[in-house]
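Values quoted throughout were computed directly from the atomic coordinates according to the rules given, and no laboratory measurement underlies them. Model, not experiment: these values are computed from the prediction. Don't worry about glycine lacking a Cβ; one is built from the backbone with ideal geometry, like all the others, and counts go over all protein chains shown.
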Amino acid sequence: MCAVNETVSGLLVQCCLEPWRFRCHVGQLGVLGVSCMHAVRPLKAYFDETGTHGAPVVCVAGYLFDDDTALKFEALHTKRVRPLLPASAQGIFHAANCFSRCDEFDSLTRAQSNDIFDAMIEVLKSTLMYGILTEIETAVYEAEVKRLGPKVRRMVGSAYSICAIRCAENIAEWLTKRGGAGDVHYFFEAGNQYAGEAAYFFKQIESAPELKSRFRLGGYSFVPKQDAPQLQGADLLAWEWQREWATLMLPENRQRERRPMLKRLADNEHPHQLEHISNIGVLAIVNSFRGLRSNRGKQEIPAGLGLKHEV
């Protein structure tokens, strides 16, 4: 077991505190259980990633909506966010470039950039059901794979696939714990180099009735941001957490409050959960038990093709 007793952003790791719940994944992985779910209303979860091109930490983050709030997000985004975006952005908010005012956002003033962030945060807070992040440090992942060997890599997949699958399972667990009904369609931004591998994991989950039930799997898609504006909210969360993580790496910052933007997103009325992954070996054992493995070594589906699968 992984016992961590370090204070991060004023919260104790492994304490169940809302809106942020820090926990070690080892304690969450046990004997496979089966939940009986009935499709009552469509639920949708949207995820974006950061750090998959050599950054110190890989993170997949996103938000859960029901069908009504997903539609409300689109309407509010069209009304409040799109008018603030420069024409060169083509209706797509990209947190890193908007903050840095570079590339398609290079015409913005700092005040205009801040207004866009404010609008995005308010749209999210008016619509989100739940926020979720899963992260793994690149150095930890690479060291564990090197130590445990290629067989374990084939069982767990890339750091991106690990985080994507755990995000989906965490959302399903959250719904079950609060008595929510309905399956979830999981949307991921298209274009990641490991999208084909992640889709292969979901295909295996779909084919196993117990796992399909456990994950509440109602479908999975890999789509571009312009086709699902909710992905732009996920982009904001992933980007902001990466900035928070970088700040927390400085020892003098570990007792401070969260970043103001993150604090606004994750207030007491808008629960968010973070999972930090540190033990690849445990995940390999669980995936072996579940019959899951990567398609590494097989031809992957090219990234960016808008992979979509309805269950």
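At a Förster radius of 51 Å, what calculated FRET efficiency corresponds to the Cβ-Cβ distance of F289 and A111, to the nearest 0.05? The pair F289/A111 has a calculated efficiency of 0.40. Here the label points at E122 and H53, each 7 Å from Cα along the C-beta direction, are separated by 3.3 nm in the simple model. For I285, I171, the sequence from fewest to most other C-beta atoms within 10 Å is I285, I171. The slack between R101 and K72, meaning 0.36 nm per residue of separation minus the straight C-alpha distance, is 7.7 nm. List the pairs from K125/K203; K72/K225; K72/K212; K125/K177 whose alpha-carbon separation is above 24 Å, in the order I gave them. In this structure, K125/K203; K72/K212 lie more than 24 Å apart at Cα.
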